[in-house]
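As structure tokens, the structure follows; a few thoughts come after it.
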Amino acid sequence: MLRALHITRRQWIKAAKISAASVAFAFVVFLAFKPPLLDTVSFSHAVFDRHGALLRLTLSRDEKYRLFVPLNDIAPHLREGVLLHEDQYFYRHAGVNPVALGRAFVQSYLLRNRKIGASTITMQLARIQYGINSHRITGKLWQIARAVQLDLHYSKDALLEAYLNLVPYGYNVEGVGAASFIYLHKKPIDLTLPESLTLAVIPQNPNKRRPEHANPAKPALIQARNRLFERWLETHPESADQKPFFTLPLATYGVENLPFRAPHLVVNLLAKYKTIGQIHSTVDLDMQTMLENILRRYVTDRRDIGINNASALLVDTQTMQVIASIGSADFFNKPISGQVDGTNAKRSPGSALKPFVYALAFDQGLIHPMSVLGDAPTNFGSYSPDNFDRDFRGPIPAHDALRLSRNVPAITLASQLKAPDLYQFFTQAGIAKLRTKDDYGLSLVLGAAEVTMRELAGLYAMLANDGMLQPLVFRMDDTQTPKREPLLTGEASFMTLDALRDTPRPYSVSEAHRVYWKTGTSNGYRDAWTAGVFGHYVLVVWVGNFNGKNNPALVGVRTAAPLFFAMVDAIDEKEPHPERIASKPNHLRLRKLDVCATTGDLSSEGCPALASTWFIPGVSPIHRHDVYRKILVNIATGKRACHFEPGLTEYRTFEVWPSDLRQTLQKAGIRKPSLPPREQNCDNTTAPSSGRAPVITSPQASVEYHARLTDSASEAIPLNATADGDATSLHWFIDNDYFGKSVPGESLSWHPKPGRYQVRVVDEHGRSAATTMLVSLAQ
């Protein structure tokens with residue numbers, strides 16, 4: 001029996017040795033395994049303005065305010081204060097301080113005194129990271145093992161960084177990053193010594209020491225902070241001059257004071273950059289706040305006329321950075337759909353797109369700023385555009401047609417654009433969600449294609465940047481090289497802006513600033529716009545209602561322009577802006593030319609006044625005018641003479657305008673003397689053919705017509721043309737077959753069958769014009 005017992009004991013010893021070896025091996029393997037540090041931790045996302053001011057701090061996935069901050073972005077005295085308060089030998093031990101552990105064991109378990117802690121920063125990190133209950137002996141041993149393991153695999157700086165990002169600060173606030181922004185409204189790198197030591201002492205007892213907005217000077221917090229400062233002075237006697245600051249009241253805040261600024265832009269950035277913990281936006285919070293206040297007051301003052309919403313976007317044209325972005329008048333107002341981002345919503349821009357028609361026309365050599373355009377009733381197939389004021393002004397310089405937003409001249413120019421036309425230009429400019437070209441027709445000029453405020457701001461910034469299209473920038477730390485695409489020349493861009501500079505302003509606005517701006521009103525009075533360039537900024541303003549309800553008050557110049565200029569004045573007062581546009585001709589291929597003020601053509605005898613205009617050499621059209629004509633007149637009868645006879649005839653100057661413009665001038669009450677009739681013995685067929693040839697206004701070669709097999713008047717195609725002022729009759733030919741006679745300004749009705757036709761018109765002086773057209777069978 002004894003022998004059996006002896007064998008059993010030997011076996012037990014052997015088994016114990018094997019077990020110990022196994023445990024030791026397992027422990028070695030455990031230590032060799034590199035544990036995760038912060039890889040599995042969910043952090044908050046923070047969005048800042050361009051100067052580092054917090055715009056929003058989100059909750060982490062586990063409902064914590066926990067913002068990762070690199071160690072180098074934490075104030076050195078906060079790091080040192082934490083080490084002094086929690087673990088002054090952190091950089092010397094191997095994760096565990098055996099001296100402190102021994103002292104704690106003696107005090108707590110042998111002498112039965114008050115329990116004291118001996119956890120190093122590494123041990124605290126292990127407890128937080130791995131959820132260890134360190135109040136039990138087994139938990140404490142596990143905590144020690146984990147601490148040793150962490151110390152073996154990570155540098156001291158990495159461990160301190162992890163600790164400072166996970167340490168509890170009361171409520172659901174963890175880490176010095178979140179604590180600094182929430183409690184002190186500061187970045188961790190910007191903390192003063194009193195603030196740093198305040199944050200250093202909170203984690204030791206967060207329930208008693210956490211700051212509260214209603215009670216910032218908690219005795220437990222202040223006393224612990226001041227005790228730490230006394231210890232700090234032992235190693236930093238040079239900080240004695242900081243003592244007065246420790247007697248000042250401590251300004252702290254709470255979670256309820258967390259900001260949510262520039263909400264629409266912030267929401268957009270958080271959705272787009274989900275993997276970035278700290279997003280540094282381009283927004284200037286001071287500028288954002290100022291413009292928000294102006295916009296809200298403006299909307300509030302106009303609620304009695306049915307206006308309850310507006311949006312605004314401010315862009316720096318030099319960097320294309322978005323400086324302010326206001327999506328609505330009130331993000332939290334459900335009745336006005338406040339959470340809709342008006343800067344990124346598709347709306348009809350009305351006439352705000354007209355400048356780009358003129359810019360393309362300048363580039364394609366169709367006009368220069370003083371080219372005379374016709375603002376007269378015109379048919380473009382079945383489309384008969386009108387002006388906003390229901391009136392026409394007759395001959396008008398392109399410069400004035402743009403600044404006064406005349407519809408007919410803009411549509412006429414758009415119909416003449418080639419490669420690119422306006423639709424192709426918008427496609428190249430990246431305007432999203434365009435329908436097919438045929439869906440718009442020429443109504444594209446008047447805002448039929450919806451755009452976002454961001455897209456419109458990009459287009460106007462292109463004019464300021466010499467025709468170079470560039471994307472908007474929303475992040476300061478965006479490392480992508482911006483795409484730059486030249487869509488217009490610098491010359492055309494400047495001439496367009498130069499015309500916009502003279503746009504009449506609202507009567508109540510000071511004209512102290514040089515602003516290049518344009519308004520827009522959508523069809524049906526649903527949207528009022530103003531967009532413009534001043535200094536190095538582009539500002540776009542929209543006023544309306546997101547429900548699309550029409551309102552006669554929503555007129556660009558009356559509703560959006562006053563808000564636009566209120567913002568321009570405020571920006572200029574806050575930050576006087578240098579002029580950029582006026583000096584551009586010094587660097588561009590532009591020249592000045594004197595032309596006849598009333599015709600826009602090169603000056604010649606008979607022109608009553610001259611005007612100066614910009615032109616692009618080799619591109620801009622420069623002609624000699626034929627409006628002012630010298631006509632041989634019989635002195636006695638006042639009629640046009642056939643032959644010069646000294647003493648009996650003389651040359652007199654007459655204004656000879658095309659028929660459509662003459663009629664428009666007459667409607668406006670402007671009477672121009674008519675050409676005198678010819679003497680009876682004059683033969684019209686032998687008279688010299690001068691003046692302008694007819695211009696066919698209907699049918700249009702660019703329009704495809706559809707015909708039904710009926711002679712209904714509603715299906716007729718009008719034959720119409722403008723003619724020189726000396727023409728009294730027009731003769732029409734279809735495929736060389738005579739069709740009929742009309743008077744300039746009147747039309748003939750034609751009912752064609754499907755097919756391709758040549759339409760020609762000839763006046764009584766033999767001047768002619770022709771066009772081809774396609775008629776297809778209507779579906």
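The values are calculated or read from the model by the stated rules, or taken from the named source; none is laboratory data. Treat the numbers as computed from the prediction; the structure is a model and nothing was measured. Cβ placement follows ideal geometry from the backbone for every residue including glycine, while neighbour counts extend to all protein chains displayed. The protein model used for the area step is the full one, side chains on, heavy atoms only, and it has no ligands, DNA or RNA in it. Shrake-Rupley method; radii C 1.70, N 1.55, O 1.52, S 1.80 Å.
With respect to the stated conditions, ASP737 is within 27 Å of GLY691 (Cβ to Cβ), open to solvent by 30 Å² or more (accessible area, probe 1.4 Å) and at pLDDT below 90.
List the helices (runs of 4 or more DSSP H) inside segment 342-453, counting only whole elements, that have at least 2 residues being more than 30 Å from ILE326 (Cβ to Cβ), at pLDDT 85 or above and not hydroxyl-bearing (Ser, Thr, Tyr).
Working: elements: 354-363, 398-403, 407-416, 422-428, 437-440.
Qualifying helices (runs of 4 or more DSSP H): 354-363, 398-403, 407-416, 437-440.
Here GLU491 clears all of (1) under 23 Å from ILE616 (Cα atoms); (2) open to solvent by 40 Å² or more (accessible area, probe 1.4 Å); (3) of a type in the set (Asp, Glu) except the condition numbered (2).
When the strands (runs of 3 or more DSSP E) confined to segment 254-328 are screened for residues that are touching a helix residue (DSSP H, G or I) at 6+ places or on another chain (Cβ under 8 Å) and within 20 Å of ASN547 (Cα to Cα), those reaching at least 1 such residues are found at 309-316, 321-326. Can you say whether LEU472 is at pLDDT 95 or above, of a type in the set (A, V, I, L, M) and touching a strand residue (DSSP E or B) at 6+ places or on another chain (Cβ under 7 Å), as far as the supplied structure shows? Yes. The set of residues from segment 287-318 being farther than 18 Å from PRO263 by Cβ, of a type in the set (A, V, I, L, M) and touching a Leu at 6+ places or on another chain (Cβ under 8 Å) comprises ILE307, VAL315.
Of the set (1) over 19 Å from TYR460 (Cβ atoms); (2) buried (at least 24 other Cβ atoms within 10 Å of the Cβ), all apply to LYS549 but (2). The set of residues from segment 454-478 being open to solvent by 30 Å² or more (accessible area, probe 1.4 Å), in a loop (DSSP other than H, G, I, E, B) and farther than 30 Å from GLY277 by Cα comprises just one member, ASP466.
Every condition in (1) touching a Ser or Thr at 6+ places or on another chain (Cβ under 7 Å); (2) outside any helix (DSSP H, G or I); (3) open to solvent by less than 20 Å² (accessible area, probe 1.4 Å) is met by PRO506 except one, and the failing one is (1). Of all the criteria given as (1) open to solvent by 20 Å² or more (accessible area, probe 1.4 Å); (2) more than 17 Å from SER196 (Cβ to Cβ); (3) not aliphatic (A, V, I, L, M), the one not satisfied by GLU292 is (1). Among the residues of segment 46-64, which ones are open to solvent by 30 Å² or more (accessible area, probe 1.4 Å) and either in contact with a His (Cβ under 7 Å, 6 or more places away or on another chain) or within 19 Å of TYR273 (Cα to Cα) (or both)? Within segment 46-64, ARG50, ALA53, ARG56, LEU59, ARG61 meet the criteria.
Residue count for segment 124-152, restricted to those that are surrounded by fewer than 13 Cβ atoms within 10 Å (Cβ to Cβ) and either more than 48 Å from the chain's Cα centre (by Cα) or hydrophobic (A, V, I, L, M, F, W, C) (or both): 6.
Within segment 153-167, track down each residue that is surrounded by 20 or more Cβ atoms within 10 Å (Cβ to Cβ) and not in a helix (DSSP H, G or I). Step through it out loud before you land on a result.
Applying the first criterion (surrounded by 20 or more Cβ atoms within 10 Å (Cβ to Cβ)) to segment 153-167 yields 159-167.
Result: VAL167, single match.
Going residue by residue through segment 320-329, is there one that turns out to be open to solvent by 40 Å² or more (accessible area, probe 1.4 Å) and either at pLDDT below 95 or within 27 Å of PHE534 (Cα to Cα) (or both)? There is no residue in segment 320-329 that is open to solvent by 40 Å² or more (accessible area, probe 1.4 Å) and either at pLDDT below 95 or within 27 Å of PHE534 (Cα to Cα) (or both). Among the residues of segment 693-725, those that are at pLDDT 80 or above, over 25 Å from LYS437 (Cα atoms) and either assigned to a loop (DSSP other than H, G, I, E, B) or charged (D, E, K, R) (or both) comprise ALA693, PRO694, ALA723, ASP724.
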